[in-house]
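Take a look at the structure set out below.
Every read-out reported here was derived from the displayed coordinates using simple, explicitly stated rules and does not represent laboratory data. This is a predicted model, so every value here is computed, not measured. Note: ideal-geometry Cβ built from the backbone for every residue, glycine included; neighbour counts use all protein chains shown.
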Amino acid sequence: MAKNTGLGLFFSREILSITGISITETRVYGEGARFEIRVPEGIWRRFVEERKGDLDHNQPES
């Protein structure tokens with residue numbers, strides 16, 4: 001398996017581009033990797049995971 005080839009970023013960028021999302025490496029040499037993901041306004045939605053014991057705010061209180 002090849003390492004540090006950039007293929008992971010390439011494939012991630014290709015997959016995300018289908019949805020209009022972009023990913024860019026914006027690192028400064030010698031300071032490690034940094035990636036910025038841009039999601040165009042209006043194509044995202046918030047996901048809130050419900051956990052056991054959390055209050056269900058959609059149900060009327062009894």
Quiz item: Taking a spot 7 Å from the Cα of S17 along the direction of its beta carbon, which residues of segment 29-43 have an amide N less than 18 Å from it?
Solution: 36-40
Exercise. Apply 1/(1 + (r/R0)^6) to the Cβ-Cβ distance of V28 and V48, taking R0 = 22 Å, and write down the FRET efficiency to the nearest 0.05.
Key: 0.05
